[in-house]
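Chemist: Have a look at the structure that comes next, please.
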């Protein structure tokens, strides 16, 4: 069984990718999550770093959180993986779906590190992935949105069949550049439960904020 790590944001795509990798026979030894330089928020989704730790505890896979800026991201990424290679990891699970430049980056960096890039979601239809996420029993809420594409009422919504139906209607309007999985950063989620979780994370919804063109929801563990 190949030992691997999972690139982890706390959102639905990285979670589904990790789940599918485990189902495909990989042993995920660690989740790797990059956080802001002050260590308070996840670098990709702006989620409280403590919540990411609670997520890892609920799943039962340890998380390694690395402080970084976007400028030092690749350097810190490589340094982290090099350390984990000494513990026997031979691959990295990524949650990319169809953004080619992301795939090129993961392939290049993995090749330079001499580890395997594992992409369980790559080139699947986004509708199929979202339906799989819902049907497999994962639970997630929306924590971040582009304010030019969504109104504030989408914040805190549960990712379920009604969410998919409403998102489908919004995305069908050709004036909206929205992909169903939010692969271009249209929206971000936080996963609270699912088949790889040993227990559900109970959260409370806090303040709603508009910052840098995004609606943000502050969430905390209850």
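Since every read-out is calculated from the coordinates, none of them should be taken as a lab result. Note that the structure is predicted; figures quoted are calculated from it, not measured. Here the Cβ is made from the backbone with ideal geometry for all residues, glycine too, and neighbour counts use every protein chain on show.
Chemist: Compute the distance from the alpha-carbon center of segment 1-77 to that of segment 85-144, in whole Å.
Modeler: Comparing the Cα centres of segment 1-77 and segment 85-144, I get a distance of 11 Å.
Chemist: If I take R0 = 35 Å and measure r between the Cβ atoms of residue 205 and residue 79 in this structure, what FRET efficiency does the formula 1/(1 + (r/R0)^6) give, to the nearest 0.05?
Modeler: Values: r = 36 Å, r/R0 = 1.02.
The pair residue 205/residue 79 has a calculated efficiency of 0.45.
Chemist: Going by how many other Cβ atoms sit within 10 Å of their own, how do 164, 84 line up, fewest first? List each step's numbers first, then the result.
Modeler: Numbers: 164 16, 84 20.
Sorted ascending by nearby Cβ count, the order is 164, 84.
Chemist: Using Cα atoms only, what is the angle between the long axis of helix 73-85 and the major principal axis of the chain, expressed in degrees (0 to 90) to the nearest 10?
Modeler: 50 degrees
Chemist: Based on C-alpha coordinates, I'd like the Rg and Dmax of segment 149-213, in Å.
Modeler: Here Rg and the maximum Cα pair distance are 13.6, 42 Å.
Chemist: Taking the inverse of the average 1/r across all pairs of different Cα atoms in segment 3-118, what Kirkwood radius in Å do you get?
Modeler: Values: mean 1/r = 0.0707 Å⁻¹.
Kirkwood radius, segment 3-118: 14.2 Å.
Chemist: Starting from 0.36 nm per residue, how many nanometres of slack lie between residue 218 and residue 131 once their C-alpha separation is accounted for?
Modeler: Numbers: separation 87, 0.36 × 87 = 31.32 nm, distance 2.62 nm.
Additional length available on full extension: 28.7 nm.
Chemist: I've got another one for you. Using the Kirkwood radius over C-alpha pairs as Rh, can you work out the diffusion coefficient of the chain via Stokes-Einstein at 37 °C, viscosity 0.692 mPa s, in µm² per second? Before the final figure, lay out each step's value.
Modeler: Details: Rh = 17.7 Å.
Taking Rh from Cα pairs, D becomes 185 µm²/s.
Chemist: Can you give the calculated 222 nm mean residue ellipticity of the chain, where each DSSP H run of n ≥ 4 adds -39,500 (n - 2.57) and the sum is split over every residue, rounded to the nearest 500 deg cm²/dmol?
Modeler: Working: 6 runs with 72 residues, N = 222.
Computed ellipticity for the chain at 222 nm equals -10000 deg cm²/dmol.
Chemist: So how do 30, 188 line up by other beta-carbon neighbours within 10 Å, fewest first? Mind showing how you got there, number by number?
Modeler: Numbers: 30 19, 188 25.
Listed from fewest to most nearby Cβ atoms, that is 30, 188.
Chemist: What is the order of 66, 99, fewest Cβ neighbours within 10 Å to most? The partial results should precede the final answer.
Modeler: Numbers: 66 16, 99 13.
With the fewest neighbours first, 66, 99 line up as 99, 66.
Chemist: May I pose another question? Cα axis of helix 161-172 to longest principal axis of the chain: angle in degrees, 0 to 90, nearest 10?
Modeler: 80 degrees
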